[in-house]
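Structure, as structure tokens:
The values are calculated or read from the model by the stated rules, or taken from the named source; none is laboratory data. If you're wondering where the values come from, they're calculated on a predicted model, not measured in any experiment. Here Cβ is always computed from backbone atoms with ideal geometry, including for glycine, and neighbour counts include all displayed protein chains. Accessible surface areas use protein heavy atoms only, side chains included; no ligands, DNA or RNA. Shrake-Rupley method; radii C 1.70, N 1.55, O 1.52, S 1.80 Å.
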Amino acid sequence: MASIKNTAKTFKLNTGAQIPAIGLGTWQSQPGEVGKAVEAALRAGYRHIDTAFAYGNEKEVGEGMKASGVPREQIFLTTKLNNPDHKRVAEAIDQSLKNLGTSYVDLYLMHWPCSTDPSDNMKHYPDWDFVDTWRELQKLVGTDKVRAIGVSNFAIKNLERLLNDPSCKIVPAVNQIELHPGNPSPKLIAYNASKGIHSSGYSPLGSTNSPLSNNSTLEGIAKTKGKTPAQILLLWGIQKGWSVLPKSVTPSRIEANFDIDGLSLTDEEIAKIDAMPDRFKVCGDSWLPIKVFFGDDE
């Protein structure tokens with residue numbers, strides 16, 4: 001069992017690049033904490049860091065990367081285009097790169113399929129949407145500023161619209177979505193795979209005060225393995241074929257989330273987790289000016 005190196009596992013993107021199976025998520029990480037968290041993660045062996053302009057922490061993420069001493073080329077770095085910046089993609093990537101203190105990102109995602117009017121967060125541009133934004137994102141490929149482009153929070157309905165538009169010349173490398181047993185999204189996962197799009201899972205532990213933290217099914221499996229429910233959740237995602245992005249700012253938890261080598265779940269254990277009935281979402285779309293989730297993921 002010790003030969004199973006989950007922490008060294010990667011998934012191949014449609015660009016040919018390899019994305020590490022486990023990364024550090026930084027959503028909701030507070031200022032003053034995230035830099036240290038990134039540094040701790042990289043020192044613990046993580047080689048995949050996920051941030052976004054909207055998180056307001058790109059500068060600290062960049063500082064944490066530098067402080068870790070890990071060479072930039074060994075780190076897979078993702079950031080995301082902010083909703084009000086859909087009409088200014090070229091300026092937005094330059095700002096993110098400046099914040100991060102790097103000349104490129106490995107993956108640049110459209111954070112949401114929502115082109116928000118910068119003058120009013122509850123208004124959507126009447127003359128622009130995510131298809132137009134993707135057209136602009138495609139122009140970044142080949143500029144040395146981004147190694148790959150992708151999307152986030154895209155349901156099947158929006159993916160179909162994007163992929164079927166004549167302006168779509170590049171298939172997204174990744175669709176980063178909320179993925180855990182309370183939001184397993186099997187139809188969306190299968191759709192992504194059928195198009196050559198890698199699924200990456202945010203909130204894989206169900207986020208803060210998650211009902212998954214004291215779920216009896218997960219606790220039972222964790223007990224037999226001598227591990228925590230959080231470690232079981234990460235294994236479940238990786239073995240089902242997607243990268244996982246657990247968020248923590250606590251060094252001991254960051255290290256524990258990475259302590260999953262030499263472990264695997266049996267088919268029966270995976271089936272038990274798959275069969276967990278309770279459904280919940282950590283991140284909905286009620287705060288957006290348009291609906292982006294349509295219940296077409298399961």
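Below, the figures for the structure above:
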read-out: Calculated mean projected area of the Cα convex hull in nm² (choose from (i) 29.6; (ii) 14.8; (iii) 16.3), label; value: (ii)
read-out: Accessible carbon and sulfur surface of the chain relative to its total accessible area, %, 1.4 Å; value: 51
read-out: Label point at Gln138 placed 7 Å out along Cα→Cβ; residues across the stretch 89-111 whose backbone nitrogen lies under 20 Å; value: 89-93, 107-111
read-out: Distance between modelled label sites at Gln95 and Asn121, nm, 7 Å Cα→Cβ extension; value: 1.4
read-out: Relative contact order for the chain, counting Cα pairs under 8 Å that sit 6 or more residues apart, in percent; value: 22
read-out: Backbone N within the stretch 115-142 under 11 Å of label point (7 Å from Arg88 Cα along the Cβ vector); value: 118-119
read-out: Theoretical gain in end-to-end length, Cys283 to Val171 [0.36 nm per residue, Cα-Cα removed]; value: 37.8 nm
read-out: Spatial separation of Cα centroids for the stretch 51-95 and the stretch 182-230, in angstrom; value: 26
read-out: Å² per residue, accessible surface of the stretch 20-77 at 1.4 Å; value: 39
read-out: Filter on Lys157/Lys240; Lys145/Lys227; Lys12/Lys80 - keep pairs with C-alpha separation over 31 Å; value: Lys145/Lys227
read-out: FRET E, pair Ala193, Glu255, Förster distance 25 Å, beta-carbon r, rounded to 0.05; value: 0.20
